[in-house]
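Below you'll find the structure, written out as structure tokens, and then a few comments.
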Amino acid sequence: MKLSYKSAGVDLWQADRVKRQIRKLTQPSAFHRILANRDSFGGFFRLDQKYKNPVLVSSTDGVGTKLKIAFMANKHSTVGEDLVNHCVNDILVHGARPVFLLDYIACGRNSLAFVPIIVSGIASACQRVNCALIGGETAQMPDFYREKEYDLAGFIVGVVEKEKMIAGRKIKPGDQLLGLASSGLHTNGYTLVRKVLFEKVGYKLGKFVPELKTTLAEELLKVHHCYFSSIFHHLDKFEIKGMAHITGGGIKGNLVRILPEKTQAVVDLDSWKVPNVFGLIQRLGKISSPEMYRTFNMGIGMILVVKKSDVRELTFRLSRIGETVYHIGEITRGRREVKLSDLSQC
């Protein structure tokens, strides 16, 4: 028997067909600052000349094992949005505007057909924040990934004027913490979620859960919320001294990253209502509160550090454009740590 690349599991003809489909999907994001793209080995992007002292801010991330839920549900249209929104939030915390993104999709056998669906979500999310989808890579790896499964990663570059970079250096005692609500689990903690809901309890993905008012599939695949459009245009109107995107590690693990020495953040856990999905996971899994707050965002997806005098007006403005905002705590003198009220052991 003669061997071929196709018989080994890599179909170059199908890959070329998928690339042509992707090219059509990404054309709307190919605005004037992309200099060349078609069949190039690299992407070319001309930075806007309006910047006087531009600093590039980059980040990379994936969607984690939330992809397993997409596989189970056979729904691949939202994970691309998750990817972009996570990456955009990660550079937003430094005051950066996203300029371009590249994606990487590694495929198991018979999963190439999902790629145009995934990229459609990526392209749509990029367009919403005026970010160019400048290129990407699709790798067929049939011996590495299970059949009809894939992995997904994004690489984003943004830009900010050097004097407008946000790094937390101006944070001081007396500053206040505003928490912006998450849309749900976002993209963290899914390995534990699957262990509890599917392995331990035996729930099915299509199960309607009354306390969630939806099915598990709908709840677990809610798109990671993007805060860019709400926050970015307020950066020139308010002194936002620091921002923390609440991802893996929870509030404590992420908020501490922006604190200067000799300051601490004190977070009042009674200042917002934790969404029901977290209570469901905790109850069914018999998970301790400290473990929950270490693993999940617990309903707060982004934290802003602002002056006390700006709390009321900024809360009003963000609420008016659709964000749910909570005044969740303050900055005090301390040992560069985050204290969660009534959860000191966390």
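Some notes on this structure:
- Residue check, Ser7 crowded, with 16+ Cβ neighbours inside 10 Å, out of contact with any His (no Cβ under 7 Å at 6 or more places or on another chain) and among the hydroxyl-bearing types (Ser, Thr, Tyr): no
- Count of residues meeting criterion [in contact with a helix residue (DSSP H, G or I) (Cβ under 8 Å, 6 or more places away or on another chain) and in a helix (DSSP H, G or I)] in segment 199-224: 5
- Condition check for Glu218: at pLDDT 95 or above, farther than 25 Å from Arg109 by Cα, surrounded by 15 or more Cβ atoms within 10 Å (Cβ to Cβ) and out of contact with any strand residue (DSSP E or B) (no Cβ under 7 Å at 6 or more places or on another chain): yes
For (1) out of contact with any helix residue (DSSP H, G or I) (no Cβ under 6 Å at 6 or more places or on another chain); (2) β-branched (Val, Ile, Thr); (3) at pLDDT below 95, each residue gets a yes or a no:
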{"position": "Cys226", "(1), (2), (3)": "no, no, no"}
{"position": "Asp236", "(1), (2), (3)": "yes, no, yes"}
{"position": "Met243", "(1), (2), (3)": "yes, no, no"}
{"position": "Ile251", "(1), (2), (3)": "yes, yes, no"}
{"position": "Trp272", "(1), (2), (3)": "yes, no, no"}
{"position": "Ser288", "(1), (2), (3)": "yes, no, no"}
{"position": "Met298", "(1), (2), (3)": "no, no, no"}
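- Met298 of a type in the set (A, V, I, L, M, F, W, C) and on the phi > 0 side of the Ramachandran plot: yes
- Any hit, segment 136-143, residues being surrounded by fewer than 19 Cβ atoms within 10 Å (Cβ to Cβ), closer than 17 Å to Val18 by Cα and of a type in the set (Asp, Glu): yes
- Residue list for segment 117-149, restricted to those being free of Cβ contacts under 8 Å to residues at least 60 places away in the same chain and basic (Lys, Arg): Arg146
- Hits in segment 163-189 (condition: of a type outside the set (Val, Ile, Thr), in contact with a helix residue (DSSP H, G or I) (Cβ under 8 Å, 6 or more places away or on another chain) and outside any strand (DSSP E or B)): Ala167, Gly168, Gly174, Asp175, Gly184, Leu185, His186, Asn188, Gly189
The values are calculated or read from the model by the stated rules, or taken from the named source; none is laboratory data. Remember, it's a predicted structure, so these values are computed and weren't measured experimentally. When we count neighbours, we look across all protein chains shown, and the Cβ atoms used for this are built from the backbone with ideal geometry, even at glycine.
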